[in-house]
Amino acid sequence: MNRVLRLLGCIRLGEVLLLQGAPGIGLVLAPGTPSPTPWATYTLFLVASVLLVAHIWTLNDWADADLDAQDGNKSSQSFLRKGLTRSMVGGLSATLLLLCLALFSQLSTRTLGVALGITVLGVVYSVPGIRAKGIAVLSSGVHLAGGALHFLLGYTLFAPPDHHAIPLALFFALTFTAGHCVQEVQDQETD
């Protein structure tokens, strides 16, 4: 049980919850939101969205395990320093992905498609052999697309993307990409 708690403790819960803002706003701004409020649908969506972002973060941490363990700013938070292995965190990331996709499959096909798009971008960004992380323009492009899809994740639950959604998605995409650029400047030496 202690190992399970340590494994779950490597999920960056604060960052995962913070990143629920864009899909939450997309959900609220989408036309066609049913009334009365379908709380079961919202709850299922929120849990799936949290699991998706937790998967993305754990996948990134799994891919960067050796670098994070050597980085003076990150080494104390590295899961390797907490007695966890890469295979354990990789298994956690895969489990989070399977759970989130199973939940999204119970919602709308559009939303499941957006979740799959975010998943592909996470793989392109993090996984060794592809790894867009650290490639200046490419990594920003991945974040630009991911930021737009993250907003559309909520928007598409009740409505298809339309002429109202695209400018809003671009706003969140630019905001997300700007935040990523700041993070890249902070991590320049490590990358």
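The values are calculated or read from the model by the stated rules, or taken from the named source; none is laboratory data. Everything quoted here is computed from the prediction, not taken from an experiment. Cβ atoms come from the backbone with ideal geometry, glycine included; neighbour counts cover every protein chain shown. Keep in mind that these areas ignore ligands, DNA and RNA; they rest on the heavy atoms of the full protein, side chains included. Shrake-Rupley method; radii C 1.70, N 1.55, O 1.52, S 1.80 Å.
One line per residue, one yes/no per condition, for (1) farther than 24 Å from THR177 by Cβ; (2) of a type in the set (Lys, Arg); (3) free of Cβ contacts under 8 Å to residues at least 24 places away in the same chain:
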position	(1), (2), (3)
LEU5	yes, no, yes
CYS10	yes, no, no
LEU17	no, no, no
PRO31	yes, no, no
SER49	no, no, no
THR58	no, no, no
TRP62	no, no, no
LEU67	no, no, no
ASN73	no, no, no
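Sort out which residues of region 82-114 are surrounded by fewer than 21 Cβ atoms within 10 Å (Cβ to Cβ), in a helix (DSSP H, G or I), modelled with pLDDT of 95 or more and of a type in the set (S, T, N, Q), and write them in order of number.
Within region 82-114, THR95, THR109 qualify.
GLN77 - would you say it is open to solvent by 70 Å² or more (accessible area, probe 1.4 Å) and either at pLDDT 85 or above or out of contact with any His (no Cβ under 9 Å at 6 or more places or on another chain) (or both)?
Taking the combined requirement at face value, the residue satisfies it.
Would you check which residues across region 19-51 are within 19 Å of the chain's Cα centre (by Cα) and farther than 24 Å from HIS164 by Cα and list them?
Passing the criteria: THR43, LEU44, VAL47, ALA48, VAL50, LEU51.
More than 21 Å from TYR155 (Cα to Cα) and modelled with pLDDT under 95, is that true of TRP39?
The answer is no for TRP39.
Go through (1) at pLDDT below 85; (2) of a type outside the set (Lys, Arg); (3) out of contact with any Asp or Glu (no Cβ under 6 Å at 6 or more places or on another chain) one by one and return the number of the condition GLY134 breaks.
Unmet condition: (3).
Among the residues of region 140-183, which ones are open to solvent by 60 Å² or more (accessible area, probe 1.4 Å) and assigned to a loop (DSSP other than H, G, I, E, B)?
The answer is PRO160, PRO161, HIS163, HIS164.
Looking at (1) on the phi > 0 side of the Ramachandran plot; (2) assigned to a helix (DSSP H, G or I), find the lone condition where LEU27 falls short.
Going through (1) on the phi > 0 side of the Ramachandran plot; (2) assigned to a helix (DSSP H, G or I) one by one, LEU27 breaks only (1).
Residues being in a loop (DSSP other than H, G, I, E, B) and touching a helix residue (DSSP H, G or I) at 6+ places or on another chain (Cβ under 9 Å): count how many of those fall in region 40-81.
The total comes to 4.
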